[in-house]
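In what follows, a single structure is set out as structure tokens and then discussed.
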Amino acid sequence: MVRVNRSRLREGCVLADDVLGPTKRPIIPKNTIITEPLLHVLEKFLIDEVEIEPVLANGEPFFEEDVIGATAHRQPISSYLQAVQRYKQLFQSWQSGLPIEIREIRELIIPLLEQMAHAKHDLLTVRHYASKDDYLYHHAVSVGVIAGLLAMELGYSEGECYQVALAGALADCGMAKVSKQVLWKSSALTEAEFNEVKQHPIFGYRMVQKIPALTHGAKLAVLQHHERKDGSGYPLGVQAEKIHPYSLIVAVADVFHAMTSERLYRRKQSPFRAIETIWREQPSKLDAQAVAALINGLIGLQKGTIIRLSDGQRAEVISARSDDPVRPIVKIIETGQLLPLNQRRDLFIDEIL
């Protein structure tokens, strides 16, 4: 992270730490992207300096001459934002008819996967950096990394984890063949438009089918990532026994990231609220082992973890529950009150601090 004067801030800067008000409570939480109204908020509260990420939300570097002081920055976040912008360029080339160069996807995803393996909780914060217009590119990079991490948690070999990550990153490559009018529509899709979108796994499979560096399982994951165990998925409506294990992993990563992202016609959810929905409502559709890997490997609420609740209060995890993994017993830091979240369904964990 880097420390800069307020006068040097511009739209697109990403806060790397909470901005505290006179009462020492956050007035703007970390991971927020700076906008013009927020610049006025900082001015109103007489905030002179803030900590920001060394790259802007669009992946471009922050100018070094603007820096007051620098500390060790969160390299995975910088790498992630740069990967998103590179993926955007590749996607646009596919839209123009160029083929997928798997070497470029590998060089984009695998180093990031290896970095994020040591900074998993950063994956819970990257959702703050995505705009509605860039959702598709953030989604591809995030699904690739999350799927690779789930494969690691499930005990797959290194080579298999890489194949799952590549499959996740390419799962929506077929969107490049969907009409732009449908792809960027800001309102809910009509039935005909949704039927067109539902063809993207087939388009994607055709795009990767002849890439020798991808295994058969990875190619099937591109085709099957929207299939569901109960046969309710698409494009073929196959059931669990015909869905490749890689596909089951990518499906969980895909659903989780989609639920936690701001999209053109849907609001994002907290990762913990999304996990709760997946845990309770998707057991007949998504693979239980992959969902457990998501909870244990990515969320990983351990005793002593400091969190922020949906009402803004900071709390410490006291005891996790195996039967309700995202609703532990917590202690409110300001008051010392013990709060079993399974008894307070109006509250949920917003993020790990």
- Task: Compare Leu294, Leu38, Leu154 in a GNM of the chain, Cα atoms joined below 10 Å, and give the one with the largest fluctuation.
- Result: Leu38
- Interatomic Cα distance distribution for segment 282-353, bins of 10 angstrom, percent: 20, 51, 23, 6, 0
- Using a 10 Å cut-off on Cβ atoms, rank the peptides 115-121, 215-221 from the highest mean neighbour count down. 215-221, 115-121
- Note on the structure: For the chain, the Cα gyration tensor yields equivalent-ellipsoid semi-axes (√(5λ), largest first, whole Å) of 34, 26, 18
- Message: Taking only complete DSSP H runs, can you tell me which helices of the chain stretch 27 Å or more along their own long axis by Cα positions and average at least -1.0 on the Kyte-Doolittle scale?
- Response: 75-95
- Relative to the Cα centre, what is the charge dipole magnitude of the chain, using +1 at the beta carbon of each Lys and Arg, -1 at the beta carbon of each Asp and Glu, and rounding to the nearest 20 debye? 640 debye
- Taking only the alpha-carbon positions of segment 98-220 as identical scatterers, the Debye log10 I(q)/I(0) at q = 0.23 Å⁻¹ comes out as -1.34
- Task: Could you tell me the distance between the Cα centroids of segment 275-353 and segment 1-20, to the nearest Å?
- Result: 29 Å
- Spelling it out for Val19: with amide H atoms placed in the peptide plane at 1.01 Å from N, the residues 5 or more places away or on another chain with amide H under 5 Å from its amide H are Ile27, Ile28, Lys30
- Message: If you scale each eigenvalue of the Cα gyration tensor by 5 and take the root, what three semi-axes come out for segment 146-215, rounded to whole angstrom and sorted largest first?
- Response: 29, 15, 8
- Using a 1.4 Å probe and counting only protein heavy atoms, arrange Asp350, Asp172 so the residue with the most accessible area comes first. Asp350, Asp172
- Query: Of the peptides 243-256, 156-169, how do they stack up when ordered by the mean number of other Cβ atoms within 10 Å, highest first?
  - Reply: 243-256, 156-169
- Task: With the convex hull built on the Cα atoms of segment 125-183, state its orientation-averaged projected area in nm².
- Result: 4.6 nm²
- Note on the structure: Around Met152 (Cβ within 14 Å, Cβ-to-Cβ, excluding Met152; K/R +1, D/E -1) the net charge comes to -3
- Task: Enumerate the amide H contacts of Glu49 below 5 Å, restricted to partners 5 or more residues apart or on another chain; note that Pro and chain-start residues carry no placed amide H.
- Result: Arg6
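The values are calculated or read from the model by the stated rules, or taken from the named source; none is laboratory data. Keep in mind the model is a prediction, meaning the values are calculated, not measured. So basically every Cβ, Gly included, is an ideal-geometry build from the backbone, and we count neighbours across all protein chains shown. Protein only, heavy atoms only, side chains kept; ligands, DNA and RNA dropped before computing areas. Shrake-Rupley method; radii C 1.70, N 1.55, O 1.52, S 1.80 Å.
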